[in-house]
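What follows is calculated from the coordinates using simple rules that are stated; it is not laboratory data. Bear in mind the structure is a predicted one, so any value in this text is a computation, not a measurement. Virtual Cβ from ideal backbone geometry, glycine too; neighbours counted across all protein chains shown.
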Amino acid sequence: MAGKFVLKPTVNGEYMFNLKAANGETVLTSERYTSKAGANTGIQSVRVNAVIDSRYEDRDSVRSEKYFVLKAANGEIIGTSEMYSSAAARDNGKAAVKKYAPEAVIDDQTIF
């Protein structure tokens with residue numbers, strides 16, 4: 001199974017997406033968008049930027065958990081990873097984003 005972007009509405013009427021790996025694990029979560037079109041543009045930005053190493057920034061949470069953000073060319077954050085227990089696990093998460101994002105299908109859950 002390939003990865004997929006799950007596009008869904010939020011409780012306050014905005015939109016967001018998660019990139020899921022082939023095993024169903026969420027590897028990247030978007031910001032909130034005020035429109036579905038904006039969320040789709042965000043997905044396209046993730047597709048483009050996911051393969052560029054310099055677009056990733058490694059971070060540590062206040063509880064010393066490892067995570068990363070993916071940035072667009074303009075420096076804006078377009079996705080945030082889950083929290084990882086080690087730098088190696090974080091690196092595996094980045095590898096999953098690089099692998100799945102370019103060809104991931106979109107599971108549009110905004111259509112009922």
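A few remarks follow.
- Computed from phi, the 3J(HN,Hα) profile of region 100-111 under the Karplus parametrisation 6.51, -1.76, 1.60 (θ = phi - 60°) reads 8, 4, x, 10, 4, 6, 9, 9, 7, 9, 8, 9 Hz, with x in place of Gly and Pro.
- Extension reserve of the ILE106-SER61 stretch, reckoned as 0.36 nm per residue once the Cα distance is removed: 13.3 nm
- Förster radius 22 Å - calculated FRET efficiency between THR29 and SER85, Cβ distance, rounded to 0.05: 0.75
- Highest average packing first - 27-33, 80-86, Cβ atoms within 10 Å: 27-33, 80-86
- Sequence ranges 9-16, 35-42, ranked by mean other-Cβ count within 10 angstrom, highest first: 35-42, 9-16
- Only lysines eight or more places from LYS94 in sequence, or on another chain, were considered; those with a Cα closer than 24 Å are LYS4, LYS8, LYS20, LYS66, LYS71.
- Here region 41-112 has an Rg and Dmax of 13.0, 40 Å, counting Cα atoms alone.
- For VAL27, distant residues with modelled amide H under 5 Å away: LEU19, LYS20, ALA21
- Region 30-46 and region 52-103: distance between their alpha carbon centers, rounded to Å: 18
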